[in-house]
Amino acid sequence: MSRRKNPVAAIARMVLVAALVAIAVFYRRSELEARSNDGRSTSEALISESDVRSESHTAHTQEYGPGKVYFVTYEPQTEQNRNWEQTATIWETDAMTGMVRQLLVIEPYINEAPREVLPERELRLLEESKYFPPNISDRALMSQGLDTIALLSEELLLVVTHREVREVMVNNAYGYHDLQILDLRDGSLTSALILEYHESLIDETWGCGPAIPLKLGRKFSSNPTTDQFAFWVTTDPEYCGNNTFYNKSYFVVDYSTSPAQVEVIPSARELAWSPDGSMLAYAELKHTDENRWSANYVVRPAALGSEPRIVVQHRVTADFPAPLISWLDSHTIVYQYTDYETLSERPVWGAYDLETEQVVFSEELLKGEFLDLDYLYDGRSRLTYRWYDRQLRLMRYTADGTLVEARTHPLSPAPGNSRFRQYVPLGPMGDPVLHILKADMSISDFDLSPFVPPEHRLSWVVLGPPYSQ
């Protein structure tokens, strides 16, 4: 049964939205003017140093490895900004000297109208939307915020931001993500990729009808040896789905050229670089026939456009656990699947050697499933870790798959988002005391609280290169 629209209610709704926008503009312009009077920049990178807090910090660099730590803080919430994002600041801490640098400040708004900022497709969709008042593209402030950071090299930090117009009542937004590369040497900021909220590449990949909003994953995986990184996007099943699995795709970006080159891997669910950076492995879900699905575990050279090769394949159903994949060494992948050939139908994890083209080992999990699977490597020790049954399981293997040592730890791994795979921070996110897991299985702490401004909230943390490099 169709419902008749109430024109009075619709007009009232538009008036209310317009009033909210006007209030937001008034308060935000006042705040921006106050900030500009203080000489604070809202768009350019800041390279400023301070050692005010270093007196209370003694750097025990050799205990935890990384020579530098990058982190994000957010300003305290106030009555004026409680309904909006807070100002984000990116910092760099030198663990050897105790110095801290303010790298970049990202204000929650820019004093520009959507018509001046939005890409053509996003602007058209905004103007066609029924949830915004007329002429919204000429009247509203653009909000912006920080999505995440990732360390691409010793000199380059990936800064992922967004700019948008959002209707909070129905959570409807139009905008884009800007993947920018910050040069840590001179503070220059270069855009590597603009990813629209309603990206046309995704429409074509997923075969959706109307434009659908995508969700950007916060995990960015950097190739350990070359100028590449990868990230994933997905969407709510209600917008565009196959009624069995939600849509998910990976973007692989080569930033060695300008503009950056991009490849979309349509059906990839998880992706991992080999330790030497030469290969790429990913798990994908493919629709076969008679409404059957298969999980394919694929390897290929890391260069964009390389030919993929399916090395392992398993049947899956709708209750299939996450098809995780990682590397045991430079020629052996590890992965998770469900063995439907047995009556137990429990998750299984196994390893496949690309040189011998043989399954090295497989092990049925007695309960639960993997929620994370990854590796660390420091040139001497290689450590595979998995978040399983609410425990972090640490394992060291020989090349033939023989388990050398295993331990458990109660903390879950946080997204590393770093090119350097010698260590990874353990959760929970926002805890100023970092628990750093190293490839030799040792875990040590590093207290960031002396470097976090008073009342600021700590968010993303990324570990830099080892102090010896």
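A few remarks follow.
- Close amide H partners of GLN422, meaning residues 5 or more places away or on another chain with modelled amide H under 5 Å apart, are TYR377.
- J(HN,Hα) series, the range 186-195, from Karplus relation 6.51 cos²θ - 1.76 cosθ + 1.60, nearest Hz, glycine and proline x: 10, x, 5, 10, 10, 7, 9, 7, 9, 10
- Counting other Cβ atoms within 10 Å as a rough exposure proxy, the listed residues SER459, SER222, SER294 run SER294, SER459, SER222 from fewest neighbours to most.
- Cut-off under 5 Å, modelled amide H: who pairs with THR338 long-range: VAL348
- A simple count of charges around LEU285, restricted to other residues whose Cβ falls under 12 Å of its Cβ and scoring Lys, Arg +1 and Asp, Glu -1, yields +3.
- Neighbourhood charge, 11 Å Cβ-Cβ cut-off, centred on VAL117 and excluding it, Lys, Arg +1 and Asp, Glu -1: -3
- About its Cα centre, the range 251-292 has a charge dipole of approximately 80 debye under the convention of +1 per Lys or Arg Cβ and -1 per Asp or Glu Cβ, with nothing else charged.
- Under a 5 Å amide H cut-off, with hydrogens placed 1.01 Å from N, LEU156 pairs with LEU184 among residues at least 5 apart or on other chains.
- J(HN,Hα) series, the range 406-421, from Karplus relation 6.51 cos²θ - 1.76 cosθ + 1.60, nearest Hz, glycine and proline x: 9, 9, 10, 8, x, 8, 8, x, 8, x, x, 6, 9, 5, 8, 9
- A full extension of the chain between GLN77 and ILE310 corresponds to an added length of 78.9 nm, given 0.36 nm per residue minus the alpha carbon distance.
- Under the Karplus curve 6.51 cos²θ - 1.76 cosθ + 1.60, θ = phi - 60°, whole-Hz ³J(HN,Hα) for the range 261-272, x wherever Gly or Pro sits: 9, 10, 10, 9, 9, x, 9, 5, 9, 9, 9, 8
- The stretch between SER278 and ARG218, if pulled fully straight at 0.36 nm per residue, gains 19.2 nm over its current Cα-Cα span.
A short reminder: the numbers here are calculations on the coordinates, not readings from a lab. Note that the structure is predicted; figures quoted are calculated from it, not measured. Reconstructed Cβ throughout: ideal geometry from the backbone, glycine too, with neighbour counts over all protein chains shown.
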